[in-house]
Structures are given as C-alpha cells and as structure tokens.
Number of protein chains: 2
Amino acid sequence: MPARGDHDARRREVSEAVWRVLARDGFGGLTLRAVAAEMGASTGLLTHYFPTKRALVRHALEITQERTVIRNRRAGVADGLAALRSALLDVLPLTPRATAMNRVWVSFWDAALADPELGASEAARYARWRAKLRPHVEAAQRLGELPAKADPDDIVTITAAFTHGLVVQALFDPDRFPPARQTSLLEQFLAGLPTHPAIGD
Amino acid sequence: MPARGDHDARRREVSEAVWRVLARDGFGGLTLRAVAAEMGASTGLLTHYFPTKRALVRHALEITQERTVIRNRRAGVADGLAALRSALLDVLPLTPRATAMNRVWVSFWDAALADPELGASEAARYARWRAKLRPHVEAAQRLGELPAKADPDDIVTITAAFTHGLVVQALFDPDRFPPARQTSLLEQFLAGLPTHPAIGD
DNA sequence: TGACGTACATAACAAACGTTTGGTACGTAC
DNA sequence: GTACGTACCAAACGTTTGTTATGTACGTCA
C-alpha cells in the first residue's frame, strides 16, 4: 500500500509495465488487461491512475522519452564527430535494452500514422532528436571534421535517416546485424559524411 | 455476380480494399467490418474468399509486394549509379500513391515485430529489396562510379537504411519534407557514397 | 425441370475490448 | 471513535472483434 505522495511513483510503475508489454507484443497487443497482468494487478488499478487508455499510453511514451534524454546526457563527454558517433551508437539496438526501446518506437509508428495527434507528437520527437544532433554536427564543422559551408540540417537529417533505417533492418534480422556489423556500417557511413556537402561546392 | 474463373480477381479486389484501409487507419484499424464497408460488401464475402483474417492480410501483403515488383521493372532503363538513384526515387513518398504504400509498410512493422512469422516475411522482404539494389551497385563499381574494392552488400545496406529512414521522417512531417527536399537529400547522400568504402583502403 | 455447387447477405456467436460500478481495506483528521 | 478520502479488487457493462451458421439467389449440368 503506497504511502501518500507515491502517486507519481505508482504512475511510473504502470508506465513501465506498459512499456514492457509494448516491447513484447507491440501496439496491437497493448490491452489494459495485458498491462494489469504484467504488473500483477487489476484493470481497476489502471483506471484509478489514468482516466483512459489514451492517457495511459501518452504518459508511458513521455516516460520513455524522458529516459532517452537521461541516457543521452551521460554521453556528453566527446565533441564534434566523436560526439555524433556516440549519440548514434546510443540509438542503435546494440543491447537488449536499446532493442526493446526501438521495438516500442517502431511499433508506435502504426498508431502514430493513423492518429493525427500521435503523429504530430512523433514529428516533434524527430525534431527534438535532430536538434540534439545538430550541435555535434556544427562542432564538427568548426573543428574542420565536416565542411563548414554545408547545411547542418541536411547532414543531421541524412544521419538520422541512416540510423533509423539501420535500426529497422537490425530489428527484423538480428542475426544478419549483430552489434559489430551495425557499428561497422555506422563507421562506413560516417566516413562518407565529409564528402556529402561537396555538391554545394 | 462474377462469372466462373473470377475467383482470383475477386480476391484481388478484396486485397485492394484491405490495402486502402491499411493506408488510412493503419494495422490497428484493420477490421473485417472496415474492409467490408470499404468495398460495400458484407463480412460474409470476406470469409467466403479467405478462411481467416490472417490469410486475408497475408494475401494483401503479397499483392502489394507484387505491385512493387511491377513498378520497379518499369525503371530498368538506366545503369549503375543512375539506376540506383531511380530505384530509390521509386521508394520515396514523392506521390500520394507511394505515400500510401509506405504508410502500409510502416504500419505493418508493428504486427511484424510482434509476430515471428510476419517478422520473418518482413526480413525476407528486406533481403529481396537489397538483392534488387545490389546489381546497380555492382554496375556502378564496374563503371568506376563507386570504388571496386568496397563490399557491395555494405553499400546496399547503408543505402537502404538511409532511404527507409528518410521515408519515415517524411511520412510524419510532410511539410518539412516536400518532394524537392527528399530528392535533394537523396542527391547529397548519393554524392557521399563514393567515399564510404575509403575505410578499407 | 430438378439437383447442385457457387456467391454472397444476414445474423448470431463467444471472446475480448475499454470503461464503469460497487464494495472493501486502510490511513488520516477531527 | 467516527467520518472521510485514497487505493485498490472483483465484477459487470455495452461494444466490437473474428468467426460461424443459416438462408437465398443464381448459374450450370443432367
């Protein structure tokens, strides 16, 4: 029986159960009963803390995003291209934890494509991700690791595209994309980056 | 009332209705009643041609793949890097039709991640896509457009990753990614490709 | 013309869904 | 001790789901 003030903690517990069900069964398998069973509780508990399933899902995704932010903060030691590499390595499904995280997001895309509100929140998440990568690209430009005349937004977008595209391929074929292969592909991609903006020259 | 022998044609009609519902409402909104309403029929018609929903979905996805193959065949005029560019342009959501196609596939990822059988078929689809791109990369290597010593599989995988990653970003933020921006980003990516394999030198 | 299989519509089915309701246990306030 | 709000559980609500059963219209073959 949680003491007074544990309300938010309980909500977080519920959200983590949501997250676990989502990673295992996808969005199509996310039901209130499955979440309740996951945490050994009843559906009454869920509706006590969240008025509707939609609110529950929204909160669970906010929690996940928050967790991502925390993780990225840890990697803020390097600079320029090295920092970019580090940030991308954090996203790739190199560990079971990162794999689960990516499964949740990719599953979420189904609901996000069909629901305008969720779709907008996903677009915003992409914008935040690019905004987080951009300083590293700009630092790399200042350090001479990337051409200064290139549009940093384009570089960031291309990099994000490559990374998520690799995420999806790796999720569906883990045998073909073990961690070593993923990092190797990322390295090859990064090696080609300096030439991309040559078009504008 | 279709004449004898129209059985397969009717199945295709049903599959196209499935495809339309999928593009509009995603996998989560795909119900037999929605499909029936989409083609102005009853659920009895659906079960008459497909024993189960699963079979219906499977056939619909096969149809979509077949359509993709047909479309790619049309673009087999160029060679090398130009052919690669053409094949990638065919995938990007530059038209409403291509947008719908991509929405279906991205939505499908939710179900495919949760269901091993569907996941395997998606992995196979990726393998087929890469196999279709590889000849163009190898031709580009023979033509001197790409370094001959590079591993064509790596180049193909990186290229597929970038393309699908761009697809997802464009689906969620069409305003930020109009056709011109997508093609520009693809062009910048392709310009950087020749340097990628420099790592092996 | 009658028998028969195909091509559906209509309607019912049990199961599962999100949500609501009623009740119990318990800490806190007075 | 009584009153009260919080924290749940258990059960039921009406709806929607995939699936099945029943019935009918129609072309085909004998």
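Just so you know, all these numbers are worked out from the coordinates, no wet-lab data involved. Note that the structure is a prediction, hence the values are computed from the model and not measured. With ideal geometry, Cβ positions are generated from the backbone for all residues, glycine too; neighbour counts draw on all protein chains shown.
For this structure, a couple of remarks:
- With contacts taken as Cα pairs under 8 Å at a separation of at least 6 residues, chain A carries a relative contact order of 20 percent.
- Label-point separation, A:Ala100 to A:Arg10 (7 Å along Cα→Cβ), nm: 2.4 nm
- Paramagnetic label zone (point 7 Å from Cα along Cα-to-C-beta, A:Asp173; backbone N under 12 Å) in segment B:104-123: B:120-123
- Each copy carries a label point for A:Lys132 at 7 Å from Cα toward Cβ; from one copy, the others' points are 3.4 nm away, ordered from shortest.
- Calculated P(r) tail over 20 Å for segment A:75-193, as whole % of Cα pairs: 46 percent
- B:Ala55 sits among other residues whose Cβ lies under 11 Å from its own Cβ, and their net charge, with Lys and Arg +1 and Asp and Glu -1, is +3.
- Between the Cα long axis of helix B:179-192 and the first principal axis of chain B there is an angle of about 40°, rounded to the nearest 10.
- Here the sum of -39500 (n - 2.57) over DSSP H runs of 4 or more residues, divided by the residues of chain B, equals -24500 deg cm²/dmol at 222 nm, to the nearest 500.
- Peptide ranges A:29-38, B:100-109, B:129-138 listed from the most packed, as the mean C-beta count within 10 angstrom indicates: B:100-109, B:129-138, A:29-38
- Here r is the Cβ-Cβ distance between B:Ala37 and A:Arg33 and R0 is 25 Å; the resulting FRET efficiency, rounded to 0.05, is 0.35.
- Taking the longest Cα principal axis of chain B as reference, the axis of helix B:7-25 is set at about 70 degrees.
- Average beta carbon contacts from partner chains per residue of B:102-111, 10 Å cutoff: 5
- Neighbourhood charge, 12 Å Cβ-Cβ cut-off, centred on B:Leu45 and excluding it, Lys, Arg +1 and Asp, Glu -1: +1
- Pseudo-label separations to other copies for A:Gly44 - Cα-to-Cβ vector, 7 Å, nm: 4.4
- Additional length obtainable on full extension of the chain from A:Leu143 to A:Ala78, 0.36 nm per residue less Cα span: 22.1 nm
- Local net charge near A:Arg85, Cβ-Cβ under 13 Å (Lys/Arg +1, Asp/Glu -1): -4
- Size descriptor, Kirkwood hydrodynamic radius, that averages inverse alpha-carbon separations across segment A:111-176, Å: 13.6 Å
- FRET efficiency, A:Ala191 to A:Glu62 (Cβ-Cβ, R0 30 Å, nearest 0.05): 0.25
- Within segment B:160-186: backbone nitrogen closer than 15 Å to the B:Leu89 label point (7 Å, Cα to C-beta): B:179-186
- Distance from the C-alpha centroid of segment B:152-175 to that of segment B:125-146: 16 Å, rounded to the whole angstrom.
- The Cα center of segment A:76-112 and the Cα center of segment A:11-57 differ in position by 24 Å.
- Average 1/r across all pairs of distinct alpha carbons in chain B, invert it, and you get the Kirkwood radius: 18.6 Å.
- Model label sites at A:Ala124 and A:Thr47, defined 7 Å from Cα along the beta-carbon direction, differ in position by 2.8 nm.
- Long-range Cα-Cα pairs in the protein assembly as shown (distance over 36 Å), rounded percent: 28 percent
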